Amino acid sequence: MITFKRLIPFVALAGIMAGTLTACAPTISRQGYLVSDVDPSKDIKVGEDTQTSVRTKLGSPSLTASFEPGIWYYIDQTSRKMTYKKSEVTNRKVTVIEFDKSSQVVKDVKTLTLADGRAVDFNQAKTPTRGRELTALEQILGNVGRQTITNEEDSNPGGQRRRE
């Protein structure tokens, strides 16, 4: 006959295993333009649709080009995050719709995927700024006993310390 006291370790072990399995499940998230009934690459007709009809079919664009307001971007992205790992983009779809400048009619429709993307390395160089670096003690004490540096004294922005 099995008593309740003998079942406690098995119930605890089953609870721990269930918690461990659910912690390993990935979290899926979607960002951006979510297409429900319309496929932009098929439903947007080159030479027929205008900005008004595209906005009616797809809604407002996710982004417009900075220097070319006649280029609209509809961006959709799916990412997956495991418990302690960095988020990973699993799917990306960017629909680029270009309009003719004079007639506002669709000139071109392109669909880009995750494979079309490129990695961009950011420049890690720092631009010197006015002011000075504070020591840990100066940061803690704040304005206590602080002297200001005038613009004439600040000949090396970002690198000059307080003069005593």
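Summary of computed values
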read-out	value
Across Lys42/Lys93; Lys57/Lys107; Lys45/Lys93; Lys45/Lys107; Lys42/Lys107; Lys81/Lys110, pairs whose alpha-carbon gap is larger than 21 Å	Lys81/Lys110
Förster radius 30 Å - calculated FRET efficiency between Ser102 and Lys126, Cβ distance, rounded to 0.05	0.10
Amide H partners (placed H, <5 Å) of Ser62, local residues excluded	Tyr73, Tyr74, Ile75
Solvent-accessible heavy-atom area per residue, rounded to whole Å², over the stretch 53-96 at 1.4 Å	65
Estimated FRET transfer efficiency (Glu68, Ala115; beta-carbon r; R0 30 Å; 0.05)	0.80
Stretchable slack from Ala14 to Ser53, in nm (0.36 nm times residue separation minus alpha-carbon distance)	8.3 nm
Inter-label distance, nm, simple model (7 Å from Cα along the C-beta direction), Thr135/Ser41	6.2
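The values are calculated or read from the model by the stated rules, or taken from the named source; none is laboratory data. All values reported here derive from a predicted model rather than from experimental measurement. Please note: Cβ atoms are built from the backbone with ideal geometry, for glycine as well, and neighbour counts cover all protein chains shown. When the accessible area is computed, the model is the full protein with side chains, heavy atoms only, and any ligands, DNA or RNA have been set aside. Shrake-Rupley method; radii C 1.70, N 1.55, O 1.52, S 1.80 Å.
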